[in-house]
């Protein structure tokens, strides 16, 4: 997946992904960006053993790029939850009026790409998510069908991310982008990329001081941990933001997709 960009002025751009044919399914060529952040901050603090900084965000069932989000980073040896803005603005887009941001980065090239390599050493964080959305298109449906992907055990996902300093347009909050890896076999039936979801020792390593050890854990694929559920196409619009977004629906896809 190439570095994904989006504009603060166009929600539709996130769904206008180039499609490539793969069997009976057309997979979007870049990973679209939308997730759910409905877990209370107090619960996140308990699950991730973190202190809470300045955070005052409402639950969201349709988080889009350039939104304010919750992130966790190591501050002096202590995990702390703070407010971030989703989307990095790299140096080459710092000119006045530049609205495009980078919402994700490939793990395979994160230490090489100019936009990310300087952040890997000391600007690693995780973005807690209740789950995330991914879309696919079938020949039969000829339209994008959303899936909500979350942990089977109901715990929030800890997604590897990079952060950068606040700028004039981020409201004083640091910026962050999601790191993606190759999807595990089950999720690859929907999309060939997925967020780098961490847990246990991998999470500790990512937030730790050893850069080489942190990058090494990005290869994990979370086989058997995540479960995709087909949801309503109403999530395609960022205007629709309520708990029913993640209710399971049926009949939008062929029954054979996950056979």
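The values are calculated or read from the model by the stated rules, or taken from the named source; none is laboratory data. The shown structure was predicted, so the numbers you read here are calculated from the model rather than taken from an experiment. As a convention, Cβ positions derive from the backbone with ideal geometry for all residues, glycine included, and neighbour counts pool all protein chains shown.
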Selection status of residue 21, over 19 Å from residue 181 (Cα atoms), more than 14 Å from the chain's Cα centre (by Cα), assigned to a strand (DSSP E or B) and modelled with pLDDT under 50
yes
Considering only residues that are under 19 Å from the mean Cα position of the chain (by Cα) and within 14 Å of residue 82 (Cα to Cα), which ones fall in the range 38-54?
40, 41, 44, 48
Any chance the range 112-119 includes a residue that's in contact with a strand residue (DSSP E or B) (Cβ under 8 Å, 6 or more places away or on another chain), modelled with pLDDT of 95 or more and buried (at least 19 other Cβ atoms within 10 Å of the Cβ)?
yes
Condition set free of Cβ contacts under 8 Å to residues at least 24 places away in the same chain and part of a loop (DSSP other than H, G, I, E, B), scope the range 37-85, selection surrounded by the fewest Cβ atoms within 10 Å (Cβ to Cβ): answer is 76
